[in-house]
Amino acid sequence: MCARSILLLLPLQTDPDDFNQFVQPPWQISVWAVLYCSIVAVSVVGNSVVIWIILAHKRMRTVTNYFLVNLAFAEAAMSAFNTVINFTYAVHNEWYFGLVYCRFHNFFPVAAMFASIYSMTAIAIDRYVAIIHPLQQRLSSTETRVVVCVIWILALLLAFPQYYYSSTAQLPGRTVCYIDWPEYSTVDFRKMYYVCMTLLVYFLPLCIMGWAYTTAGFTLWASKIPGDSTERYKEQLTAKRKVVKMMIVVVCTFAVCWLPYHVYFLLHQFFPHLFEQRYIQQVYLAVMWLAMSSTMYNPIIYCCLNSRWDVCLRFVAAEGDRAPVGQD
């Protein structure tokens, strides 16, 4: 049976019985097309530069920066493989890309979103340990790779239902891609899955990061620099403060971009009658654009918060991370 679902990066109508009533004038489609394509260009180029700078410079291969590589890869891949496809389907409500890509289109963004936010969570925990417990042994190269692998394994497991229940249906004149959620008399699997996923990929990691950065921030800004401190100590403290500031901006940007998305889809799960107006397609495109645009801001943040790109990336490493991850 076809459940009436729009769960995650699918356009508004995913019930194959729905009729595509949302038709936009060409100028509106052109404006949205430019906005969505801009995300892909900025995100892919910017995140690729981040990956190259870190991997091409041995000194940059630190614990924090390897998590940034994972974050950059997840965001670049999500923008490259899903942004334009999602826009095309949202505008036309017709699926042109076959069953295999339908499953991938529903599956991969969930995994990439999970990998992104838990990479940020890993960075927050790493910063917390470096600042609150500076004498504690840091992650080795092998341990860092294991954490990255665990993040992706959990991400793929969480997203698997999106792949398993994805399907296509041939309607008169068009094909649709949708999620055929199972229906049970005792539990609404669709709602349960989405609520759990919202908690796991948004609220829980944000709470962890908020706690980590709040604790680390209080410690850093409560530490006054003694008058007789060495220049190196002053530089270390200043660098750590800049790292925390930068990562707080990254986390807040992610939270702001994805909050309307989660609110929108939670409302649809519990109040579907609110989404029967013609203007809702414009709301959907705006909410989805804001969410997908989160993939392009991090490289800009790294640059804007420092005078030079190289200096910016070195600050992300912080003085507490001087030993390269490549050395166990």
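Restricting region 162-267 to trypsin sites (Lys or Arg not before Pro) that sit in a DSSP loop and have at most 13 other Cβ atoms within 10 Å of their own Cβ leaves Lys224. Loop-located chymotrypsin sites (Phe, Trp or Tyr not before Pro) in region 68-149 (DSSP state other than H, G, I, E, B) with a sparse environment of at most 13 neighbouring Cβ atoms within 10 Å: Tyr96.
Computed across region 164-204, the Kirkwood hydrodynamic radius from all distinct Cα-Cα pairs reaches 12.3 Å. Taking the fewest neighbouring Cβ atoms within 10 Å as the starting point, the ordered list for Ile29, Ile117, Ile300 is Ile300, Ile29, Ile117. Sorted into 5 angstrom bins from 0, the C-alpha pair distances of region 19-92 split as 3, 15, 20, 16, 13, 10, 8, 6, 4, 3, 1, 0 percent.
Among the chymotrypsin sites (Phe, Trp or Tyr not before Pro) in region 250-305, those located in a DSSP loop and surrounded by at most 15 other Cβ atoms within 10 Å of their own Cβ are Tyr279. Remark: Cys102, Cys257, Cys37 ranked as Cys37, Cys257, Cys102, counting other beta-carbon atoms within 10 Å and listing the fewest first. When restricted to Cα atoms, region 92-222 yields an Rg and a Dmax of 19.8, 67 Å, respectively.
Size of region 110-173: Rg and Dmax of its alpha carbons, in Å, are 18.0, 67. Per the Debye formula on identical point scatterers at the alpha carbon atoms of region 159-304, with no solvent, log10 I(q)/I(0) at q = 0.10, 0.21 Å⁻¹ is -0.56, -1.40.
Across all directions, the average flat footprint of the convex hull enclosing the Cα atoms of region 24-152 is 9.7 nm². With neighbours defined as other Cβ atoms within 10 Å of a residue's Cβ, the residues Thr198, Thr238 order from fewest to most as Thr238, Thr198.
A short reminder: the numbers here are calculations on the coordinates, not readings from a lab. Please read all numbers here as calculations on a predicted model, not as lab measurements. As a convention, Cβ positions derive from the backbone with ideal geometry for all residues, glycine included, and neighbour counts pool all protein chains shown.
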